[in-house]
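Novice: Shown below is the structure under consideration.
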Amino acid sequence: MEQQLIKLIKAVPELMDTAKECNNIKLPNYYVAGGAITQLIWNNLLGRKPLDQVKDFDIVYFDTTSCKSEQWYERKIASRLKHEIVIDVKNQARVHEWYPRKFGQVIAPYDRVEQGISSWLSAFAIGFRLNKLGEPEIYSANGLGDAFKMRVKPNKIAMTEASYLKMTQSFKERWPPISVEPWGSAC
């Protein structure tokens, strides 16, 4: 599955260009991650265009020094891209500061970018970055099975039932064939 995902990513110039610009500006410990990667898989499985229904590209990084803000990185990357897809840049070292307001859950500070990705729904806990040779490297906290099986499961540690229901309703509207496990099915 990993090689299949790498092939899909390499076939989407917008994803590759975004990761290249992250490398070019030296965004620390970054991944292009989350929804766009999962939705790329789902679109492929459904025979759709690669970026059909993709709202944005999530770019996560980890920087405890915060010399440059998320907004600075977002503007810098966006100004260098030739595509029109919105990018959303988040420093995983600061997520704990705003997470309770947005999702209703208090979380401990993360100590690395992968810890942030690992807190997402399993089908979305996937990211890639480019290595020194310009090749995609995949990080998948829970493997790629849920994404390739089009299965969404709750994550009670990092979200509320209301957040889960809102998110999964949006996914189901855009990708009707996905299976969404009920909130009560997870630990």
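The values are calculated or read from the model by the stated rules, or taken from the named source; none is laboratory data. The structure displayed is predicted, hence computed values, not measured ones. Cβ: placed from backbone, ideal geometry, glycine included. Neighbour counts: every protein chain shown. Accessible surface areas use protein heavy atoms only, side chains included; no ligands, DNA or RNA. Shrake-Rupley method; radii C 1.70, N 1.55, O 1.52, S 1.80 Å.
Novice: Is it the case that the stretch 59-66 has a residue that's among the aromatic types (Phe, Trp, Tyr), touching a Pro at 6+ places or on another chain (Cβ under 9 Å) and part of a loop (DSSP other than H, G, I, E, B)?
Specialist: Looking for residues that are among the aromatic types (Phe, Trp, Tyr), touching a Pro at 6+ places or on another chain (Cβ under 9 Å) and part of a loop (DSSP other than H, G, I, E, B), one finds at least one in the stretch 59-66, hence yes.
Novice: Still on this structure: Across the stretch 54-68, what is the number of residues that are modelled with pLDDT under 95 and over 18 Å from residue 16 (Cα atoms)?
Specialist: 5
Novice: Go through the stretch 99-187 and tell me which helices (runs of 4 or more DSSP H), entirely inside it, have 1 or more residues that are open to solvent by 30 Å² or more (accessible area, probe 1.4 Å) and among the charged types (D, E, K, R).
Specialist: Here the list reads 113-118, 161-174.
Novice: Quick check: anything in the stretch 70-82 among the β-branched types (Val, Ile, Thr) and assigned to a loop (DSSP other than H, G, I, E, B)?
Specialist: no
Novice: Would you please list the contacts, defined by Cβ atoms under 9 Å and residues six or more apart or on different chains, that run from a residue in the stretch 59-77 that is touching a residue at least 12 places away in the same chain (Cβ under 8 Å) to a residue that is open to solvent by 50 Å² or more (accessible area, probe 1.4 Å) and outside any loop (DSSP other than H, G, I, E, B)?
Specialist: Here the result reads 59/74; 59/90; 60/90; 61/90; 62/115; 70/90; 77/24, each pair linking the stretch 59-77 to a residue that is open to solvent by 50 Å² or more (accessible area, probe 1.4 Å) and outside any loop (DSSP other than H, G, I, E, B).
Novice: Hey, can you tell me all the residues within the stretch 28-57 that are open to solvent by 40 Å² or more (accessible area, probe 1.4 Å) and assigned to a strand (DSSP E or B)?
Specialist: Passing the criteria: only 56.
Novice: Right, here's the next one. Residues in the stretch 133-170 that are without any contact (Cβ under 8 Å) to a residue 12 or more places away in the chain and within 16 Å of residue 32 (Cα to Cα): how many?
Specialist: 1
Novice: Is it true that some residue in the stretch 79-93 is over 29 Å from residue 148 (Cβ atoms) and surrounded by 15 or more Cβ atoms within 10 Å (Cβ to Cβ)?
Specialist: Start the filter on the stretch 79-93 by keeping residues that are over 29 Å from residue 148 (Cβ atoms), which leaves 79-80, 82, 91, 93.
Filter once more, so that each one left must be surrounded by 15 or more Cβ atoms within 10 Å (Cβ to Cβ): 91, 93.
Yes, that holds for at least one residue.
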